[in-house]
Each structure stands twice: as C-alpha cells, then as structure tokens.
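Worksheet: the structure to be examined is printed underneath.
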Amino acid sequence: MSAVADLLKGYYKDSKANPWHRIYNDIQMYWLTEHLKDDVSETLLLLREAVFGALDILSFGLISEVSTLEVLAILTNEPNWNAGRRRVRNHCLDIAEGLIEKGKVRYLLPSALKRDDFGFLVPRVEEAQWDNFMKAKPKVSRGKLNLSKLEESVLGSRFLSEQMIMETKLNFDDPRIPTLLEAYELQLVEIEVNRSTRIQPAGPTEQVTLNGGIVQENEEEKEPSTKKRKQAEVVSPLTDFLEETSKKSKKKSPQKPAKKSRRRQAK
C-alpha cells in the first residue's frame, strides 16, 4: 500500500510518468488490445484495492457507490497529495452519510471504519443495523415463512447462521419455526437492552479531525463551564467570610487609653 501511495504522490511531481488521471483509459486502449484472452476484471479489482488502501479508505472497497475512477478523478484534480486525499475522504464520508440515512449499511463494517479513522460513524451504523433487524421480522407468505429480508440485513444474516438455517423460506409446518421465532424475539429484547444501556460520554464531547485525531484545545477551554461556576461559588463565600472576619476583628480590637493632659500632670 505504501508503494502505491508513493506512486500516487508521484503524479503531482510528474503526471506523464505517473498518469493516474488517465489510467482507466490506458487500460481500455492497451490492455484490452494486447491481452484479448485475459480477463481484466481481476486486475481492476487489485488496482481498486491498492488505490483504496493507499488512501486509507479500504473500508469502502466493497461499496459499489464509491467508484475507483471517480476517486482517482477527485484525487488528481487537486494541486497536491494532501488536498486530494482529503477531498477523497470527504467524498467517501458523504456517501457513507447517505447510505446510513437509507439504512444501507450491509457493507459499512464497524471494524473496517475504525481502522480507516471513520470510527465516529460506528454508533450510527450500529443503530441502522438494529433498525434493519427489527424491520425484517419473518412473515408468513403463501404458506411459507419468508426470511429473505432477515438474510439481507447484517444482524439477520448472522442470526440465521447461528440458528443454522441456510434457506430463505421455510414451510409453515417446519418444526424449526417455533424455535426460530422464539430466538428472534429474544434477540429483539437483547437489542433493546443494548440500546437503553449504551454508555453515554462522561465528559464533554471531543472534536475530531477527518482522520480521527483529537482537536487540541486550550486547557482553559477544556474545563467545563459548570466546573468553573462551582469553583466561583466556592471561592466567593470564602472571600466574603474572610472579609467579614477581618471587619469584626477590627471592631473588637482594644482601644489605647487616652493620654493624660499635661495640665493635669502638673497638678
């Protein structure tokens, strides 16, 4: 991946020696004419994996909505590597946001997203997975229990695998159905428990960069306003107490006896 990244960076130094902006055109012009008997699809898949890995977006490799050709076009339209990589990752983020809104999260794998520094999307992806599982409740249709929607969801596919059911339709008199439906209901309860017990962040939400790094703030800004207010509430009474004590001590201090007048001393 690092070698491909170096080749991609070479485009900005010498686009003629590293023609990434027209690599697909070159493949169509030269490869297909010189290798008529060879299947180019495997080569294109390897190229896609290499490009996505070099740009740290390997988690989007299985998503058909993200085109390799479009990724390369976005990358090579920028003046330098950093700007191009940033634009590509923003493009992938926009696509991911749209897929999550539509509930199409089958290929948005949490572990892969975390690896590519898109971990901030994981909670929303998991919520969408749970919603898909609940909406895919098995239904009876034409005397059969239809499991196709359940199989299409991430959690549903895993659930059917755990129940050792490979079919997407079961006859209504299949003895496995009662056990399957009972297990499904238990899984729904577990999902609701997970949702209700999801740990909330203890402190203030931290801002992150697109690559997942923490945005640094001043120490004074990091301190919650509530903490500052509590400190002020503590300091203020203490100051008032000290000032009041000082005033009382001044009032109670013994006064010095008045000096006798010289006229009285002479007598």
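The values are calculated or read from the model by the stated rules, or taken from the named source; none is laboratory data. Small disclaimer: the values here were computed from a predicted structure and weren't measured. Note that each Cβ is placed from the backbone with ideal geometry, even for glycine, and that neighbours are counted across all protein chains shown.
Among all residues of region 5-12, there is none that is farther than 16 Å from G84 by Cα and either touching a His at 6+ places or on another chain (Cβ under 6 Å) or not β-branched (V, I, T) (or both). One residue alone among L113, L99, L93 is modelled with pLDDT of 95 or more, surrounded by 15 or more Cβ atoms within 10 Å (Cβ to Cβ), assigned by TED's automatic domain parsing to the domain that holds G61 and farther than 29 Å from Y12 by Cβ, and that residue is L99.
When Y107 is tested against (1) in contact (Cβ under 8 Å) with a residue 12 or more places away in the chain; (2) outside the structural domain of I23 (by TED's automatic domain parsing); (3) surrounded by fewer than 19 Cβ atoms within 10 Å (Cβ to Cβ); (4) among the hydroxyl-bearing types (S, T, Y), exactly one condition is not met: (2). Just so you know, in region 159-176 the residues that are surrounded by 14 or more Cβ atoms within 10 Å (Cβ to Cβ) and not in a loop (DSSP other than H, G, I, E, B) include one that is farthest from the chain's Cα centre (by Cα), and it is L170. Every residue in region 140-157 that is of a type outside the set (G, A, S) and surrounded by 12 or more Cβ atoms within 10 Å (Cβ to Cβ), please. Hits for region 140-157 are K144, L145, N146, L147, K149, L150, E151, E152, V154, L155.
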